[in-house]
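Worksheet for the structure shown next.
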Amino acid sequence: MRSTDQPKTYRVKSFGCQMNVYDGERMAELLGAQGMTATSEGDEADLVVLNTCHIREKATEKVYSDIGRLRREDGSSPLIAVAGCVAQAEGEEIMARAPSVKVVVGPQAYHRLPDMVAEAAAGRRATETDMPAEAKFAALPRRRKSGPSAFLTIQEGCDKFCTYCVVPYTRGAELSRPFADLVDEAKMLVEGGAREITLLGQNVNAWRGEDARGRSAGLAGLAEALAEIPELRRIRYTTSHPADMDDALIEAHGTNAKLMPFLHLPVQAGSDRVLKAMNRSHTAESYLKLLDRIRAARPDIALSGDFIVGFPGETDAEFEDTLRLIDAVGYAQAFSFKYSARPGTPAATMDGQVAPQVMDERLQRLQAALNRDQLAFNRASVGKTCDVLVERKGRHPGQWLGKSPWLQSVHFTGEVAIGDLVRVELVEAGPNSLSGVMVRALAGA
Ligand code: 5AD
Ligand code: SF4
């Protein structure tokens with residue numbers, strides 16, 4: 001592509017969290033609205049958007065190696081735009097270090113992507129990392145098509161300032177999107193084919209707004225309003241902070257039939273000293289008590305979490321506290337990470353940075369415990385009959401893949417279509433999926 005050509009084809013590559021997946025979809029819609037078409041797998045695009053993640057070190061390094069890999073044999077490159085949290089945090093450095101990058105756009109400014117691409121195509125490199133996000137959502141096009149399971153960002157940013165985390169700096173302060181906009185967008189997604197919506201936010205359960213009658217509402221109120229959309233069958237949300245699990249939301253897990261029995265509620269560590277140093281506003285005990293209340297409202301709820309091993313100063317005994325907490329909870333699944341010092345965060349300069357081999361060993365032990373519990377959870381589901389939302393074809397002829405209410409992948413065979421909600425008996429469990437036998441299709445699914 002010559003520098004004055006406007007790109008005709010694009011590819012958006014998203015890394016990191018589900019909020020980036022959502023942002024990536026919205027960027028694709030923006031570029032589509034300009035008449036650009038997405039390239040198919042393997043084809044070269046005129047414009048490549050790298051929608052980046054800054055949460056851990058490796059993620060940042062990956063951006064630079066990806067930029068390098070986009071170079072063609074003749075030394076030229078497609079028009080490269082770096083979006084997402086690395087763009088926000090290190091935009092200037094990227095521009096200086098990678099001349100082939102022509103656009104740097106932060107997560108709150110990507111509604112300007114088409115203009116910036118046009119500028120770059122005309123030969124002027126463009127950077128935009130303004131916050132906050134109010135203008136962005138208003139400027140995005142209407143949503144038209146959706147898969148059976150859709151993401152909807154309802155809240156962005158974080159005010160919690162956990163001492164290891166860059167999110168409050170890259171995504172900015174907590175901002176809730178307005179109730180009416182969210183109900184509208186959910187309806188559009190459902191009209192476009194969505195049967196399940198996962199509400200997204202860095203602290204999704206800190207969402208607050210005013211409902212249709214002008215009353216103050218939290219996430220429970222929003223989920224209640226969304227449950228009134230008839231063709232919407234399932235509602236999920238992620239990621240939650242324990243401090244924002246209010247009574248109404250806990251109760252909603254027992255009363256809102258469309259709210260799925262799955263909760264991603266990161267605890268990060270099991271030692272109270274470490275939790276305090278992390279600036280988490282809970283202790284191991286208060287977290288466990290909270291889970292008791294949630295389980296009282298919804299006994300079959302599947303729990304998920306995030307863990308960090310090797311936070312500065314973490315001793316062997318403190319790490320054992322985390323293993324004990326895992327034993328006490330019995331997670332259905334969880335994510336675990338080695339602590340990664342992020343520039344500008346308080347933890348990065350704390351004493352007692354843990355040696356890499358110690359982190360490796362702790363991570364292995366932690367993941368062994370989590371894998372054990374995940375398999376146990378899946379095995380305990382065998383014999384249950386549940387609804388499965390059909391998401392895609394499986395690897396074998398006639399096989400389909402979908403999700404149980406507890407977010408387990410389930411494969412089965414039968415005459416169904418993508419987007420159907422079917423009744424399946426779970427008959428066999430592996431560590432990452434279950435196989436089932438279809439019982440009967442649900443009426444009206
Ligand atoms: N190092 C390792 N893990 C981190 N996370 C956030 N920041 C860091 C960091 N500096 C993890 C937390 C969070 C998840 C999204 O990523 O567990 O919940
Ligand atoms: Fe980061 Fe903590 Fe905010 Fe989660 S709650 S985004 S870990 S600062």
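Read the figures in this text as sums done on the coordinates, not as results from a lab. This one's a predicted model, so the numbers in the text were calculated from it and none came from an experiment. Every residue, glycine among them, receives a Cβ derived from its backbone with ideal geometry; neighbour counts consider all protein chains shown.
Measuring against 32 Å, Cα to Cα, the residue pairs LYS58/LYS102; LYS58/LYS258; LYS187/LYS289 contain LYS58/LYS258; LYS187/LYS289 as the ones spanning a longer distance.
The HN-Hα couplings worked out from phi for segment 268-273 by the Karplus form 6.51 cos²θ - 1.76 cosθ + 1.60 (θ = phi - 60°) are 6, 7, x, 9, 5, 5 Hz, whole numbers, x standing for Gly and Pro.
Could you work out the percent of alpha carbon pairs in the chain separated by over 28 Å, rounded to a whole number?
I get 55 percent for the Cα pairs in the chain exceeding 28 Å.
Spin-label model, ARG215 to ASP115: label points 7 Å out along the Cα-to-beta-carbon direction sit 4.1 nm apart. Taking 0.36 nm per residue of separation and subtracting the current Cα-Cα distance, fully stretching the chain between GLU61 and SER281 would add 76.1 nm.
Report the calculated FRET efficiency for ASN432 and ALA328 (r = Cβ-Cβ distance, R0 = 30 Å), to the nearest 0.05.
Working from the Cβ atoms, E equals 0.80.
Amide H contacts for ALA334 (H built 1.01 Å from N in the peptide plane; partners 5 or more residues away or on another chain; cut-off under 5 Å): GLY305. In straight Cα distance, which aspartates and glutamates are under 12 Å from LYS8, not counting same-chain residues fewer than 8 positions off? Qualifying aspartates and glutamates at Cα under 12 Å: GLU44, ASP46.
Convex hull volume per residue, computed on the Cα atoms of segment 136-381, equals 133 Å³.
Volume per residue for segment 1-155 equals 117 cubic angstrom (convex hull of Cα atoms). Stokes-Einstein diffusion for segment 385-441 at 4 °C, viscosity 1.567 mPa s, with a Kirkwood radius from C-alpha pairs, works out to 121 µm²/s. Using only side-chain charges placed at the Cβ, +1 for Lys and Arg and -1 for Asp and Glu, the dipole size of segment 9-132 relative to its Cα centre rounds to 180 debye. Using the rule -39500 (n - 2.57) for each DSSP H run of four or more residues, divided by the residues of the chain, the 222 nm mean residue ellipticity is -10500 deg cm²/dmol. Along the chain, the exposed loop sites are GluC sites (Glu not before Pro) outside DSSP states H, G, I, E and B with at most 15 other Cβ atoms within 10 Å, and the longest stretch free of them is 232-414.
For the pair VAL358 and GLU29, a Förster radius of 41 Å applied to the C-beta separation gives a FRET efficiency near 0.35, rounded to the nearest 0.05.
Using equal-weight Cα scatterers in the Debye expression, the normalised intensity of segment 162-302 in log10 at q = 0.17 Å⁻¹ is -1.00.
Give the separation of the Cα centroids, segment 335-399 to segment 193-254, in Å. Between the Cα centres of segment 335-399 and segment 193-254 lies a distance of 25 Å. Place a point 7 Å from Cα of GLU425 in the direction of its Cβ. Which residues in segment 383-419 have their backbone N less than 12 Å from it? Once the point is set 7 Å along Cα→Cβ of GLU425, 383-386 turn out to lie under 12 Å by backbone N, inside segment 383-419.
Using equal-weight Cα scatterers in the Debye expression, the normalised intensity of segment 259-401 in log10 at q = 0.11, 0.13, 0.19, 0.20 Å⁻¹ is -0.50, -0.66, -1.12, -1.20. Placing dummy labels 7 Å off each Cα toward the beta-carbon, the span from LYS187 to ARG144 is 2.0 nm. Once you order the gyration tensor axes a ≥ b ≥ c over the Cα atoms, which shape class does segment 8-91 get: rounded for a/c under 1.5, otherwise prolate or oblate by comparing a/b with b/c? Since a/c reaches 1.5 but b/c is at least a/b, the shape of segment 8-91 is classed as oblate.
In this structure, ALA96 and ILE418 have a Cβ-Cβ separation that, at R0 = 35 Å, corresponds to a calculated FRET efficiency of about 0.15.
Spin-label pair ALA38-ASP272: with each label point 7 Å from Cα along the Cα-Cβ axis, the two points sit 5.0 nm from one another.
When only C-alpha pairs under 8 Å and at least 6 residues apart count, what is the relative contact order of the chain, in percent? Don't jump to the answer; show the numbers that get you there.
Numbers: 912 pairs, mean separation 43.0, N = 445.
For the chain, the relative contact order is 10 percent.
Each residue of segment 89-95 in order: what ³J(HN,Hα) in whole Hz does its phi give by Karplus 6.51 cos²θ - 1.76 cosθ + 1.60, θ = phi - 60°, with x for Gly and Pro? Here the 3J(HN,Hα) series is 7, 10, x, 5, 4, 4, 4 Hz.
Computed from backbone phi, the HN-Hα couplings of segment 207-222 come to 4, 9, x, 10, 6, 4, 9, x, 8, 5, 10, x, 4, 4, x, 5 Hz, rounded to whole numbers (Karplus: 6.51 cos²θ - 1.76 cosθ + 1.60, θ = phi - 60°; Gly and Pro given as x).
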